[in-house]
1. With modelled with pLDDT of 95 or more and not charged (D, E, K, R) as the only criterion, which of Ala30, Ala36, Ala87 stands out?
2. Could you check region 16-133 for strands (runs of 3 or more DSSP E) lying wholly inside it with 3 or more residues that are in contact with a Phe, Trp or Tyr (Cβ under 8 Å, 6 or more places away or on another chain) and of a type outside the set (Gly, Ala, Ser)?
3. Give me the pairs, please: first residue somewhere in region 188-200 and free of Cβ contacts under 8 Å to residues at least 24 places away in the same chain, second residue anywhere and of a type in the set (Val, Ile, Thr), beta-carbon distance under 6 Å, and either six or more positions apart or on two chains.
4. What are the pairs with Cβ atoms under 6 angstrom where one residue, in region 96-112, is in contact (Cβ under 8 Å) with a residue 60 or more places away in the chain and within 17 Å of Arg15 (Cβ to Cβ) and the other, located anywhere, is part of a strand (DSSP E or B) and of a type in the set (Ser, Thr, Tyr)? Sequence gap at least six, or different chains.
5. When region 93-114 is examined, which residues are found to be touching a helix residue (DSSP H, G or I) at 6+ places or on another chain (Cβ under 8 Å), of a type outside the set (A, V, I, L, M) and either surrounded by fewer than 20 Cβ atoms within 10 Å (Cβ to Cβ) or within 21 Å of Ala36 (Cα to Cα) (or both)?
6. Out of Ser103, Ser74, Ser43, Ser59, I need the residue that is more than 18 Å from the chain's Cα centre (by Cα), polar (S, T, N, Q) and assigned by TED's automatic domain parsing to the domain that holds Ile166. Which one?
7. Does at least one position in region 138-156 carry a residue that is over 26 Å from Val205 (Cα atoms), over 14 Å from the mean Cα position of the chain (by Cα) and part of a helix (DSSP H, G or I)?
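The values are calculated or read from the model by the stated rules, or taken from the named source; none is laboratory data. None of the values given here were measured: they were computed from a predicted structure. Note: ideal-geometry Cβ built from the backbone for every residue, glycine included; neighbour counts use all protein chains shown.
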Amino acid sequence: MSPAKFRAIIFDIGRVLIHVDIHRAMAGLASDLKLAPQELWSSIENDPRWADWQEGRMSPQDWHLHLSKHFGGSLTFEQFKDVWNSALALEPIQSEPFLEKLSKNYRLALLSNTDPIHMSHEEARFPFFRFFPIRIYSFRVGSSKPNPLIYREALRACKVRAEEAIYIDDIPAYADAAQRLGMTGLVFQSPGQLQWELRGLGVKVD
């Protein structure tokens, strides 16, 4: 059997392209609350409005107001944005030469469960975004992983069939969801592991 002819490589962002430390942001938010950072994060993840926030049905201002009413706290909206973005590390995970090389041979895309506060910050801060002309964000699409809709939107934007695309995520369930649609799903562990697996699939990484 001849190797697959891949045309698109689709990346998750958090913990694949950018280090994420949720505890750092939660510690900032919890500094004037009677909750431990881990308790706060668990409450936010299980909040009935979390999906609305991730899928674009709440504005940043409404999300700040919702959390302030629910948990208390005295952060202004600008202070809240700074603390929310403190979860994102300053240095990227992948090297720019690696991404630039891929961008010359494949259509690169982003596919992420994320929000407008994080993405406004990330796109302004990290130069590697220029290698990703296609950016599929849950808050824009109105759907989040592992819903097949968001993966299909990425394939549509890349103008490729599922078998022509590789999807990379640090969460196995999200890589599996891509695999079930016919894509090749890879679980990210480290830059070296990723490059080794891509080479094994015949992807030009050097």
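1. Every option except Ala87 fails the conditions.
2. Here the list reads 107-112.
3. Arg199/Val205
4. Close Cβ pairs (under 6 Å, with a partner that is part of a strand (DSSP E or B) and of a type in the set (Ser, Thr, Tyr)) amount to Ser112/Tyr137.
5. Gln94, Ser95, Glu96, Phe98, Glu100, Ser103
6. Ser103
7. Within region 138-156 (the criterion being over 26 Å from Val205 (Cα atoms), over 14 Å from the mean Cα position of the chain (by Cα) and part of a helix (DSSP H, G or I)), the answer is yes, since at least one residue qualifies.
One line per residue, one yes/no per condition, for (1) over 14 Å from the mean Cα position of the chain (by Cα); (2) within 14 Å of Leu17 (Cα to Cα):
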residue	(1), (2)
Leu88	no, yes
Glu91	yes, yes
Ser112	no, yes
Asp115	no, no
Phe131	yes, yes
